[in-house]
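First comes the structure, then the notes that go with it.
Each value in this text was obtained by applying a stated rule to the coordinates, not by laboratory testing. Being a predicted model, the structure only gives us computed values, none of them experimental. Here the Cβ is made from the backbone with ideal geometry for all residues, glycine too, and neighbour counts use every protein chain on show.
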Amino acid sequence: QVQLVESGGGLVQPGGSLRLSCAASERTSRFYMMGWYRQAPGKQRELVAGISTGGSTNYADSVKGRFTISEDSAKNTVYLQMTSLKPEDTAVYYCHLGTAYGNYWGQGTQVTVSS
């Protein structure tokens, strides 16, 4: 079982920045997609940003221009740099790894944007 360990969540004021990290114990496939999802109370879990083999990225419309997903292959780690944070970004953020062999989730990290 692949383990995903998240860190970096916390409380930040509107307009501030936060960087989330997700370290994977291993990858089970040459081809993969890693991403960040979030879920606010009473809402569906949604894809925030994703990155796949070769470095292709995609973002939810709500975060385009504000969030950046990146990867450090040597460290088997994916990051989510969040800037210009808004109260509506408040949610539990989950790291995800998708491969040909399975789907794996991190434990979730709380991000709260409030003054």
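Report the Stokes-Einstein translational diffusion coefficient (µm² s⁻¹, integer) for the chain, Rh taken as the Kirkwood radius over Cα pairs, at 37 °C with viscosity 0.692 mPa s.
233 µm²/s
Taking H as built 1.01 Å from N, whose amide H comes closer than 5 Å to the amide H of residue 108, not counting residues under 5 places away?
Answer set, sorted by chain and number: 6, 95.
With charges set only on the Cβ (+1 for Lys and Arg, -1 for Asp and Glu), what does the dipole of the chain come to about its Cα centre, in debye to the nearest 20?
About 60 debye.
What number, in percent, do you get for the relative contact order of the chain if the mean sequence gap of Cα pairs under 8 Å and at least 6 apart is divided by its residue count?
On the way: 280 pairs, mean separation 42.8, N = 115.
Relative contact order of the chain: 37 percent.
For segment 1-79, state which trypsin sites (Lys or Arg not before Pro) are in a DSSP loop and have at most 11 other beta carbons lying within 10 Å of their beta carbon. If you can, show how the numbers build up before the last one.
Values: sites: 19, 27, 30, 38, 43, 45, 64, 66, 75; in loops: 27, 30, 43, 45, 64, 66.
Passing sites in segment 1-79 are 30, 43, 64.
What lysines sit close enough to residue 86 to cross-link, taking a C-alpha to C-alpha distance under 25 Å and skipping anything fewer than 8 places away on the same chain?
43, 64
What list of ³J(HN,Hα) values in whole Hz, one per residue of segment 52-63 in order, does the Karplus curve 6.51 cos²θ - 1.76 cosθ + 1.60 (θ = phi - 60°) give from phi, with Gly and Pro shown as x?
Per-residue couplings from phi come out as 10, 3, x, x, 5, 10, 8, 9, 5, 4, 5, 10 Hz.
Under a cut-off of 16 Å between alpha-carbon atoms, report the aspartates and glutamates in cross-link reach of residue 75, not counting same-chain residues fewer than 8 places apart.
Partners found: 6, 26.
For residue 16, enumerate residues with amide H under 5 Å from its amide H, sequence gap 5+ or separate chain, H modeled in the peptide plane.
Under 5 Å from the amide H of residue 16: 85.
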